Structures are given as C-alpha cells and as structure tokens.
Amino acid sequence: MTEAHPSLTQDSYARAGVNIAAGNRAVAMMKAAVQSTHGPEVLAGVGAFGGMFDASQLKAMDAPVLVASTDGVGTKTKVAAQLGRWDTIGQDLVNHCVNDILVQGARPLFFMDYVAASRLDAAQIATIVSGMALACRENGCALLGGETAEMPGIYLPGEVDVAGTIVGAVERAQAVTGDAIRPGDVILGLPSTGLHTNGFTLARQALAPLDWSSVRADLAGQTIGQALLAVHRSYLPEVSSLKRGGIAIHGMAHITGGGLAENAARMLPDDVCAHFSRAWSVPPVFTLIQRTFDVSETDMLRTFNMGLGLCVVVPAAQTDTARQIVPDAFVAGHIVTRSGDAVVIQ
C-alpha cells in the first residue's frame, strides 16, 4: 500500500501525483483472487504489514532447505501495454520464479509481488495480480502479499513495473545441485511456449514495423501479439512427475536471459561439458524475429530460449522411461568430459 506523507491530506497527495484511493481500490479488487491462494498455513495476508506463513510443515522434513528467488518480467510489460492486455504477465512472473527454484529441487511455499506505475489504474493492477493468483493456485503456493506503488517521476507515464519473490523448500538430501552430473548422462529438453519472459527488447524492435493484430500463416495461425504474450510455462508438473516416476534428476537449468549457453553452464560441474544437438522444433516467432531483423544465430541463442525452456539431465538408462512420463520431452544433447567450453551447441 502507498503511504501518505503525514503533513499532506489525501487530496494534496493526489495533486502531487499519488492517488491513495486508487491504491485502495486496486487492493479491494484483487483481494478475493489473492485470498483464493491461501490455505490454513497463511495466518496474515492482505492488509497486514507483513505476510505470516505457518512453517510447521517443515517439521516433517529431515533437513529442510529454503530456496528463494526474485525476478521480473522485463519489457514484456511494454507488449502488454501496446496490446492493452494485462491478464498474462502476472502468470509469467509466478511461473518464471517457480522454475528458478524448481531447478534446485524446491517446491514453492509462497510468493510476494511488487507492482509499480507512475499512476495507478486500479482495474489494471487488479488484473495483473489476479493473473499472479491464478498461477499461484496452479503451482500450489500462496500469494502471501506484496506492494502496489505509485511513483510519478520514477516511472514514465503509462509504464508498469512487475517483479516478485518466491520462497520454496527442499530436503537437503534431495536438492539438485548438478554435482551428480556425469559424462554419458542425457540432456532432456522441455519445450517453451515462446519467448517466456526474456528477449523482449530485441523482439519488440525487430517486430515493431509489422502488424501485431493480424493472423499470420508463418505463426501457425497466431497474431504477433498472441505469440509474444504466450504465458511462460511452469515446469513443476513435469518435474514432479519425473520424480514420482523414480527418475534420477542429476541437474536442471531454466533457460532464461542469456539463452542456452549461459544458463546450461550454471548447472554443470567443472569437469563436464553439455553438448547440444539442435534437433528440436523452434517456435515460429523466433524465426520471424531472426528473419525480420537479420539476427545472427549466435545472437539468437544468446538472447532467447529458442524453444527449449528447461533442461533436465538424467542417466542415459532412464531416458526412455523419462520420455514416457513426460511425452513432450525430447533428447537435446548429452554430457561429455570437458576439454574446452562448458557448453557446445551444434
């Protein structure tokens, strides 16, 4: 909530550029959606100075480790603004953060958000947060609280900033650190739904001259706007299924900013190399961006996920079983002894 300066009335504060009433309306409009993510473990949520979460469930764990991450959706908010559609970026944010802790083996406990603008539009903010609530329900975590800030002079008119923090937990013995990765392991890829939440500064510039509202054959019947706003996929259901199926997950990487090479390297021990073979299907939006803006293949791989949203390293002997459990998983590469770069893409 926005706090007023003690020497100003609400009317004075509104004249100065901060509308407390709009912030209050936004909270009222989003309240039901936020509360729909709360179970009995949420002791204080909407309206409290701090969210309170009963962590008693951690007592059932032998050695619980908390895993936390903070991120944003970057300039995907500019796409939402251009299209006048705000129901997806909240989902993007939650799913991105879920994946970031998932690759270390953690399941989410709760999520907290930050939404800021130069001037608050109550309906717009409530729509964004309702999207977060939807994704929190789908991922089984509580939307515990957050901040709605109106800051003229910091943000440009019409700009919206969206960020969030997630906290999850994992048994220490089950944490995925990458230390188990060995030469001979197979790298499974899980498809992305598109750009997810990275590379939008380049994508917006590349596609700016084109019509974003017309259906295109080269986008499989989608418009550019639909392709760009495709919701960032959460991989929690698939990874959970692999674990239940007895698959030994040796390492995982969420392919976000920096693309495949930078993110895959983050999961590897110093003595191994991830060798990728470009055999997977690339969503057509990437081809359109590359062709329209004449982007090199190297820059595309360094900027975008190129259709590979999550890497999962498994023992070679479990590859077929893993692919039966997760039918859209594909073999993206394998692990070899390192003799040069940490990641090789061919």
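The values are calculated or read from the model by the stated rules, or taken from the named source; none is laboratory data. What you are looking at is a predicted structure, and each value in this text was computed from that prediction instead of being measured. Please note: Cβ atoms are built from the backbone with ideal geometry, for glycine as well, and neighbour counts cover all protein chains shown.
If we scan segment 303-318, do we find a residue that is surrounded by fewer than 16 Cβ atoms within 10 Å (Cβ to Cβ), in contact with a Cys (Cβ under 7 Å, 6 or more places away or on another chain), touching a residue at least 24 places away in the same chain (Cβ under 8 Å) and in the same structural domain as F200 (by TED's automatic domain parsing)? First the steps, then the outcome.
Initially, segment 303-318 is screened for residues surrounded by fewer than 16 Cβ atoms within 10 Å (Cβ to Cβ), giving 316-317.
Checking which are in contact with a Cys (Cβ under 7 Å, 6 or more places away or on another chain) leaves us with none.
No, the conditions are met nowhere in segment 303-318.
Being without any contact (Cβ under 8 Å) to a residue 40 or more places away in the chain and assigned to a loop (DSSP other than H, G, I, E, B), is that true of even one residue in segment 252-262? Quick ask: steps written out before the conclusion?
Applying the first criterion (without any contact (Cβ under 8 Å) to a residue 40 or more places away in the chain) to segment 252-262 yields none.
No - not one qualifying residue is present in segment 252-262.
Listed here are the residues, each with its yes/no results for (1) touching a helix residue (DSSP H, G or I) at 6+ places or on another chain (Cβ under 6 Å); (2) assigned to a helix (DSSP H, G or I).
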residue: T177; (1), (2): no, no
residue: G184; (1), (2): yes, no
residue: G189; (1), (2): no, no
residue: H196; (1), (2): no, no
residue: L202; (1), (2): yes, yes
residue: D211; (1), (2): no, no
residue: S214; (1), (2): no, no
residue: Q226; (1), (2): no, yes
residue: V231; (1), (2): yes, no
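Kindly provide the set of residues from segment 143-168 that are hydrophobic (A, V, I, L, M, F, W, C) and either within 17 Å of T70 (Cβ to Cβ) or not in a strand (DSSP E or B) (or both), ordered by number. Write out each step before concluding.
Our first condition is that a residue be hydrophobic (A, V, I, L, M, F, W, C); within segment 143-168, this holds for 143-144, 149, 151, 154, 156, 160, 162-163, 166-167.
Scanning segment 143-168 gives L143, L144, A149, M151, I154, L156, V162, A163, I166, V167.
Quick one: is D62 part of a loop (DSSP other than H, G, I, E, B), at pLDDT 95 or above, surrounded by fewer than 17 Cβ atoms within 10 Å (Cβ to Cβ) and in contact with a Gly (Cβ under 7 Å, 6 or more places away or on another chain)? Reasoning before the result, please.
On the way: part of a loop (DSSP other than H, G, I, E, B): yes; at pLDDT 95 or above: yes; surrounded by fewer than 17 Cβ atoms within 10 Å (Cβ to Cβ): yes; in contact with a Gly (Cβ under 7 Å, 6 or more places away or on another chain): no.
Answer is no for this residue.
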Of the residues G158, G164, G168, which single one is of a type outside the set (S, T, Y), at pLDDT below 95 and not assigned by TED's automatic domain parsing to the domain that holds I249? G158
From the option list V46, V103, V98, V67, single residue qualifying as over 25 Å from G158 (Cβ atoms), among the hydrophobic types (A, V, I, L, M, F, W, C) and either modelled with pLDDT under 95 or surrounded by fewer than 20 Cβ atoms within 10 Å (Cβ to Cβ) (or both) is V46
Considering only residues of segment 74-95 that are among the charged types (D, E, K, R) and crowded, with 23+ Cβ neighbours inside 10 Å, which is nearest to M112 (Cα to Cα)? D92
Looking at (1) in a loop (DSSP other than H, G, I, E, B); (2) more than 16 Å from the chain's Cα centre (by Cα); (3) of a type in the set (S, T, Y); (4) at pLDDT 95 or above, which one does S240 not meet, given that it meets all the others? (1)
